[in-house]
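A.B. asks: After the structure tokens below, expect a handful of questions from me.
The values are calculated or read from the model by the stated rules, or taken from the named source; none is laboratory data. Keep in mind it's a predicted model, so treat the numbers as computed, not measured. Glycine gets a Cβ as well: all are built from the backbone with ideal geometry, and neighbour counts include every protein chain shown. SASA here: full protein model, heavy atoms, side chains in, ligands and nucleic acids out. Shrake-Rupley method; radii C 1.70, N 1.55, O 1.52, S 1.80 Å.
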Amino acid sequence: MTHLYFHCGRTGELLLDYRGADVTDLAEARDRAMAVAREVMESAYGHEDFSDWFVCVGDEEDEEVLRVPFVCALPTVH
């Protein structure tokens, strides 16, 4: 189990996650990052362009271990 932080940002702006979450591996961290991106997009009233936003997953030493663009969390059309 690893404790990671899921910060959201774009160029010039970073919203810090001070609580973080325990995950078992990078696959679970990526799934959580996607969920965080979806939550932010769903709750952002009036803001529709998230093309430059990302979730930066960091460890306890503040090292980036994973970066997930918000566009990866958008639904796909089949």
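A.B. asks: Of all trypsin sites (Lys or Arg not before Pro) in region 9-78, which ones are in loop regions per DSSP and have a Cβ with at most 11 other Cβ atoms within 10 Å?
C.D. replies: Loop-located and lightly packed - ARG19.
A.B. asks: To continue, here is another question. Ratio of Rg to Rh for the chain, alpha carbon only, Kirkwood?
C.D. replies: A ratio of 0.97.
A.B. asks: Where nothing but the Cβ of Lys and Arg (+1) and of Asp and Glu (-1) is charged, how large is the charge dipole of the chain around its Cα centre, in debye to the nearest 20?
C.D. replies: 300 debye
A.B. asks: Still on this structure, please answer the following. Would you mind working out the accessible area per residue for the chain, using a 1.4 Å probe, and quoting it in Å²?
C.D. replies: Result: 70 Å² of accessible area for each residue.
A.B. asks: With all protein chains present, how much of the accessible area of the chain (probe radius 1.4 Å) comes from carbon and sulfur, to the nearest whole percent?
C.D. replies: Using a 1.4 Å probe with all protein chains present, the chain comes out at 51 percent carbon and sulfur.
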